[in-house]
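First the structure, in the form of structure tokens, and then the observations on it.
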Amino acid sequence: MTEPVRFRNFIAGKWVETGSKGTFENRNPADTRDVVGVFPSAGPEEVNEAVAAAKEEYQRWRLVPAPKRAEIIRHAGDLLAKHKEDISRQMTREMGKVLSETRGDTQEGIDTAYYAAGEGRRLFGDTVPCELPNKFGMSVRMPVGVCGMITPWNFPMAIPTWKIFPALVCGNTVVFKPATDTPATAVRFVEILLEAGLPEKAINIVCGSGGAVGNAIVDHPDVPVISFTGSTEVGKKIATRAGNTLKRVSLELGGKNAQIVMDDADLELAVDGALWGAFGTTGQRCTATSRLILHEKIHDKFVAMLVERAKGLKVGNGLDESVQVGPSVNESQRATVKQYVEIGQNEDKATLALGGKELTAGEYAHGWFFEPTIFVGVKPKMRIAQEEIFGPVLSVLKIGDLDEAVRVLNDTAYGLSSSIYTRDVNAAFRAMRDIEAGITYVNGPTIGAEVQLPFGGVKGTGNGHREASHTVLDTFTEWKSIYVDFSGKLQRAQIDVQAG
Ligand code: NAD
């Protein structure tokens, strides 16, 4: 096993090895004997220092022309591409998802860099006619200031880039707190930003717990924006706390996503989609398919096809290219999965069609592995059909027609991603209109978002903000309306008009 590496925070332009709350370890979830690194555990002191530096730098960075800021982000994208393989391998080692998926995660960071860099030459506002002569009106996007970025572990590169690249292009500076399960990827990302030429104090990374570092960022009066991705439970706490200082809070939270398969669907295609949606990333995606809503006419056949294919999935260490499903990210996540399987078995007649157990023998002995698991006979109100499990567990529900399918799909507290497999164009359009979710796929799985379309959800999945696309700019800019009167005299709007 490799010797543990000591990682550092980057605060106020300096790499800092010590943390006011000591240190924490990061271990490989596929083999917990492998220590990926030892990290400083920071607290409010470090947050104060980071915010002060970011605030100072903001006054310089906001005046750098946006196309110049964007050049640095484009260069960061080039560096991510250059180091893609190393970054992806380290990511698999620290959080377990298979290499092809960590490569996809890094690629999403690259795509986001290039997309965000393009905004450096757009950042469009409006010009509008004024009601008075010799007067000009326009609206422009202004940066907001120091942005607090709090991120989860399941997309350790993609999610930080979704937030940090556009925020920097807009002229903001950043204090970044990554999840304690994935700090190594986060530190690598910050190294890349610095190598790309970002001014040192524009980015600060403060590793540590949610309670110590996260709360200090959320409470800080000099941080006007919080961009948070994580669980609905923590998101609600952050929004409540941030209300005290009237911060802008963008929340991207949990999901309970469903795939509908109608009786006219291409079943082979729909099985491919369900397998990938449910068991890709070990089910640890906010967009993972955790409910499968099957038309009664194809239900039994589809379940048989799916179980057969799911049986063949290879579980193991994601660094092995032939593995398709990695471990849960940590002990507590696997315990949660186990607990939900027990809940499912004890609930109203749900039956295990596949899996349901921890994998602990042989090659699995030192990791947090769990069998791909399928429940059938699930009813819409059961907890396994309502609550986010975040593991390789799929709940299958049976419906009689499209109206019922949409009703069942909508019947949760969340609204992130959704999918329908059908060859009927009318059914597809009705589903697109009636499904309550931020994302709907037709004849594709619930996962697979692209950076040029808005990403986010409705109901308990968020608070109305969207990441990716140009919509992310609304989180990281303030609108300013500007009136230029070149008449050389006092002109009074509205009053003059009324006076004729
Ligand atoms: P989490 O909510 O436990 O933690 C997310 C981040 O918040 C971490 O950095 C954590 O340290 C920090 N945190 C924890 N308590 C905090 C507090 N009181 N104050 C401030 N920060 C605090 O989530 P997780 O387990 O890392 O990630 C999984 C969750 O994230 C799932 O619910 C998943 O659906 C969600 N997620 C959502 C999206 C999306 O875009 N909608 C994307 C990925 C993940």
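A few comments on the model shown:
- On the basis of the beta-carbon distance and an R0 of 51 Å, VAL442 and ARG6 show a calculated FRET efficiency of 0.55.
- Residue-by-residue Karplus 3J(HN,Hα) for the stretch 124-136, coefficients 6.51, -1.76, 1.60, Hz, glycine and proline x: 4, x, 10, 10, 9, x, 9, 7, 10, x, 6, 9, 10
- By definition, a body whose alpha carbon gyration tensor gives a ≥ b ≥ c is oblate when a/c is 1.5 or more and a/b is not larger than b/c, and the chain fits this oblate description.
- Residues with amide H under 5 Å from that of ALA449, placed H, sequence gap 5 or more: none
- Simple Cβ-charge dipole of the chain, Lys/Arg +1 and Asp/Glu -1, about Cα centre, in debye nearest 20: 1000 debye
- Between the amide H of LEU359 and those of PHE369, PHE370, GLU371, distances stay under 5 Å, these residues lying 5 or more places away or on another chain, with hydrogens modeled in the peptide plane.
- ASN9 long-range amide H proximity, modeled H, under 5 Å: VAL16
- Distance (nanometres) between label positions extended 7 Å along Cα→Cβ at GLU478 and LYS381: 4.9 nm
- Coupling constants for the stretch 472-477 follow from the phi torsions by the Karplus curve (6.51 cos²θ - 1.76 cosθ + 1.60, θ = phi - 60°), and in residue order they are 5, 5, 5, 6, 9, 9 Hz; glycine and proline get x.
- For the stretch 330-444, size of Cβ-based charge dipole, Lys and Arg +1, Asp and Glu -1, in debye: 160 debye
- Overall shape: oblate for the stretch 415-460, with the ratio a/c of the largest to smallest alpha carbon gyration tensor axis at 1.5 or above and b/c at least equal to a/b.
- The chain: angle of helix 183-195 to the longest principal axis, Cα-based, in degrees nearest 10: 30 degrees
- In the chain, helical runs assigned H by DSSP with n ≥ 4 each contribute -39500 (n - 2.57); averaged across all residues and rounded to the nearest 500, the mean residue ellipticity at 222 nm is -11000 deg cm²/dmol.
- Longest to shortest principal axis, alpha-carbon extents of the stretch 105-261, angstrom: 60, 48, 37
- Straight-distance candidates among the aspartates and glutamates for linking to LYS68, with alpha-carbon spacing under 18 Å and chain neighbours fewer than 8 residues away dropped: GLU57, ASP78, GLU119, GLU195, GLU200.
- Cα pair count fraction exceeding 16 Å, expressed as % - the stretch 82-124: 43 percent
- Gain on full stretching of the segment that runs from PHE136 to ARG60 - 0.36 nm per residue minus C-alpha separation: 24.5 nm
- Helix 299-311 axis versus longest C-alpha principal axis of the chain: approximately 80°, rounded to the nearest ten.
- Gyration tensor (alpha-carbon) shape descriptor, the stretch 164-230, a/c threshold 1.5: oblate
- Size of charge dipole - the stretch 3-106 - debye, nearest 20, with Cβ of Lys, Arg +1 and Asp, Glu -1, no other charges: 360 debye
- Rounded Å value of the spacing that divides the Cα centres of the stretch 61-132 and the stretch 321-377: 35 Å
- Segments 129-141, 409-421, 76-88 sorted - mean Cβ within 10 Å per residue, highest first: 409-421, 76-88, 129-141
- Sorted peptide list for 260-266, 165-171, criterion being average Cβ within 10 angstrom, highest first: 165-171, 260-266
- Compared with the dominant Cα axis of the chain, that is its longest principal axis, helix 44-61 is turned about 50°.
- Put simply, when 203-211, 275-283 are sorted by average Cβ atoms within 10 angstrom per residue, most first, you get 275-283, 203-211.
- Exceeding the 30 Å Cα-Cα cut-off - candidates LYS314/LYS398; LYS21/LYS459; LYS163/LYS314; LYS14/LYS459: LYS21/LYS459; LYS163/LYS314; LYS14/LYS459
- Using the Karplus relation 6.51 cos²θ - 1.76 cosθ + 1.60 with θ = phi - 60°, the per-residue 3J(HN,Hα) values for the stretch 480-489 come to 10, 9, 10, 10, 10, 9, 10, 7, x, 9 Hz, with x marking Gly and Pro.
Quick note: the coordinates plus some simple rules give every number you see, no bench work behind them. Being a predicted model, the structure only gives us computed values, none of them experimental. As a convention, Cβ positions derive from the backbone with ideal geometry for all residues, glycine included, and neighbour counts pool all protein chains shown.
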